[in-house]
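Step one of this worksheet: look at the structure below.
The values are calculated or read from the model by the stated rules, or taken from the named source; none is laboratory data. As the structure is a prediction and not an experimental result, all values here were calculated from the model. Neighbour counts run over all protein chains shown; Cβ positions are idealised from the backbone, glycine included.
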Amino acid sequence: MTEQAPPIPVPRAPADNVPGITDDILRAVEVLEDQLEQVLGPRPVPPRPILRNVNAVVAEQMTTGDHVADAVAATMGSWRFIAIQSALLLVWVILNIVGWIKHWDRYPFILLNLALSFQAAYSAPIIMMSQNRLAQKDRIMAEEDYRVNHVAEDEIRAIIAHLERQDQILLHILARLDRLPRGGVGPAPVFRPPAATGSAAGPAA
């Protein structure tokens with residue numbers, strides 16, 4: 001069902017402040033406005049959009065695995081992780097070269113290469129999980145932007161239609177007022193809608 005907009009109050013100046021505008025003319029304008037509303041129909045109102053916070057929507061859809069993937073990606077993608085890992089590798093290499101404790105991983109450090117291979121094998125898919133979630137967030141954000149732009153376009157069209165409607169009402173009111181005698185008015189005029197091409201004329205005035 002089309003939502004009807006509330007009537008817009010039209011401010012009217014007192015009759016003694018505007019020369020030539022009498023109470024009878026103002027009453028005739030009110031009757032004419034009511035007739036115009038009946039002929040033109042209610043003013044359509046665009047639906048109000050329900051704005052969504054993309055971050056909140058994504059946070060509701062996140063699982064425990066998503067939180068773990070984000071934590072791992074944030075940790076491994078930092079200078080702190082690089083510094084700690086570099087320090088551990090340096091200590092590992094020095095201890096095995098000098099042999100203070102025992103050469104548990106002699107050159108060419110096969111055990112170290114195996115450990116780094118395991119790290120790369122597990123860290124890469126986890127980081128890809130985090131990247132996929134970010135890509136999904138970008139898609140949701142793009143859809144939300146499209147929806148907001150679509151609603152804004154509908155509202156702009158409704159504003160333009162409302163302005164055109166007001167122009168039509170004002171033109172008919174001015175045309176009726178020009179026909180009124182200056183000393184007073186008789187019965188309230190009946191609005192005659194403009195005849196469309198190929199259609200019958202409206203009710204006679």
Whether any residue in the stretch 82-95 is closer than 30 Å to A56 by Cα and among the hydrophobic types (A, V, I, L, M, F, W, C) is what I want to check. no
Single residue of L112, L134, L95 found to be without any contact (Cβ under 8 Å) to a residue 40 or more places away in the chain, in contact with a Leu (Cβ under 8 Å, 6 or more places away or on another chain) and among the aliphatic types (A, V, I, L, M): L112
Restricting the first residue to the stretch 155-184 and requiring it to be at positive phi, which pairs with a second residue that is modelled with pLDDT under 85 and assigned to a helix (DSSP H, G or I) meet a Cβ separation below 8 Å and a spacing of at least six or different chains? G184/D24
Taking the stretch 88-102 only, how many residues are under 15 Å from A115 (Cβ atoms) and either loosely packed, with under 12 Cβ neighbours inside 10 Å or out of contact with any His (no Cβ under 8 Å at 6 or more places or on another chain) (or both)? 7
If I ask for residues that are more than 31 Å from the chain's Cα centre (by Cα) and among the small types (G, A, S), which ones from the stretch 74-98 would you list? G77, S78, A83, S86, A87
Can you name the residue in the stretch 109-158 that is small (G, A, S) and modelled with pLDDT under 90 and, of all such residues, is surrounded by the most Cβ atoms within 10 Å (Cβ to Cβ)? A158
